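Each remark here refers to the structure printed beneath this line.
No lab work stands behind these numbers, since they all come straight from the coordinates. As the structure is a prediction and not an experimental result, all values here were calculated from the model. Note that we place each Cβ from the backbone using ideal geometry, even for glycine, and neighbour counts take in every protein chain shown.
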Amino acid sequence: MKIKLVHILTEIEEEREKKSIESLSPLGYMGLEYIQQINQRYTGDAWKEKKAISQSGYTNHGPGHYGAFHSFKKAIMENFSDDIDALVLCECDCVLLCDHQDFMNKLKESVEFSNLHNLYYTSLGSRYVNNYLQSPPIGNDSDPDYPDFYLTNKIILAHCVILPAASRDFYLECLEKYSWDSPDIWFNEVQWREGINKMGIIRDRLARQYEGVSLIDNVWKESQ
């Protein structure tokens, strides 16, 4: 398989980004193309000019959410070429919970699982946020060939996600068609709006978010 992994970074001297680079960069020697995308932290007011697609009344969205969306947008538009089998997007605080070879094996399985079930989006992160299940199984959630994955209709957290080749045109079109949002919410929203109500997620996460102050809302967050 030909796979690109874009590591979306901003403040590479901060501890959590150093830990993330230390964790993910060795994958570049294991059969995928590892790309560091270093962004400037967004501090403007453009986020006020166009509502987020999920916005209804009060929202806690701000410049951090807007900047995060545009970093994902840049990663997709600059790297989702038509000669790869999948694009992996990892946030700046993503660290692995397994060794690199196990990750590569499961990553390839995730692409196979996505292709088999015609999925456009699969997560190798947690099914839970603050101990609450965010990704309930849908339909028959047992696939004997891929027992470590299941189908869901909602994924919260986007620190380690896979976009298979079949999703390329879909996401490029959605980036033109729809407004911005927090990356994880945006992926859910555009699929729901286009009538796609299934995604894939691993049962036992392979990656977590390193604890620290979030670039999105400047709040200390524990590992998820």
Dividing the Cα radius of gyration by the Kirkwood radius, what Rg/Rh value follows for the chain?
0.93
In whole angstrom, the spacing between the Cα centers of the stretch 62-140 and the stretch 151-181 equals 9
In nm, to one decimal, how far is the modelled label at ALA46 from the one at LYS74, with both set 7 Å along Cα→Cβ?
1.0
Take the alpha-carbon positions of the stretch 121-210, form their convex hull, and give its projected area averaged over all directions (one quarter of the hull surface) in nm².
6.4
What is the extension gain from ASP83 to LEU172, computed as 0.36 nm multiplied by their sequence separation minus the C-alpha to C-alpha distance, in nm to one decimal?
30.5 nm
Under 11 Å, Cβ to Cβ, from ALA52 - net charge with Lys/Arg +1 and Asp/Glu -1
+1
What are the residues whose amide H is under 5 Å from the amide H of ILE201, where those residues sit 5 or more places off or on another chain and H is modelled from the backbone?
SER123, TYR150, THR152
Cα-based Kirkwood hydrodynamic radius, the stretch 1-75, one decimal, Å:
14.3
Principal semi-axes in Å for the stretch 80-124 [√(5λ), Cα gyration tensor, largest first]
19, 14, 10
Kindly state, to the nearest 0.05, the FRET efficiency for LYS198 paired with ASP99, given R0 = 30 Å and r defined as their beta-carbon distance.
0.50
